[in-house]
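Structure first, commentary second.
Every number in this text was worked out from the coordinates using simple rules, so none of it is lab data. What you are looking at is a predicted structure, and each value in this text was computed from that prediction instead of being measured. Positions of Cβ are generated from backbone atoms using ideal geometry, with glycine treated the same way; all protein chains shown enter the neighbour counts.
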């Protein structure tokens, strides 16, 4: 590689560590995240409006699947909340009807989706957010959105095989 030339896939020595360049640019990058449309929104037939809002916000759908969670999968998915007062109610909700599981991709995907979805409590969520529009309570808040790229990868692996993500 010529000195001063940077390209994706190239190697850069940074503070005595070798790094592979995966993206070029300032401040934004395409990032995958994970989202679930919960049974309460499905029962209210809001999935179309929610998907429209996601697409309108610039997200691409990488994978999408309509499923009904069994109790074991719901418990595994929300394992991080086990022992909290709302855990049983959340597991009951997630097994009460179908969900739409989605892997989305967008500019700064995790943060952008969390902004669009809004605060956990719909009454505290900003106007225009999906939870404010479609949620009715802290548990029945229409959507789940991954809180980090790492958790998005773990969560999506419960619904999609690696070869489906290519």
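Listing 144, 81 from the residue with the fewest other Cβ atoms within 10 Å to the one with the most, what is the order?
Numbers: 144 20, 81 14.
So the ranking, lowest neighbour count to highest, is 81, 144.
Residue 86 to residue 68: extension gain in nm, 0.36 nm per residue of separation minus the Cα-Cα distance?
Gain on stretching residue 86 to residue 68: 4.4 nm.
To one decimal place, what Kirkwood hydrodynamic radius in Å is obtained for the stretch 28-165 from all pairs of distinct Cα atoms?
After inverting the pairwise mean of 1/r, the radius is 14.9 Å.
When 166, 155, 126, 92 are ordered from fewest to most other Cβ atoms inside 10 Å of their Cβ, what list results?
Going from least to most buried by this count: 166, 126, 92, 155.
To the nearest 0.05, what FRET efficiency results for residue 153 and residue 126 with a Förster distance of 35 Å applied to their C-beta separation? Mind dumping the intermediate values first?
On the way: r = 27 Å, r/R0 = 0.78.
Computed FRET efficiency for residue 153 and residue 126: 0.80.
How large is the convex hull of the Cα atoms of the stretch 90-148 per residue, expressed in Å³ as a whole number?
Taking only Cα atoms, the stretch 90-148 has a hull volume of 87 Å³ per residue.
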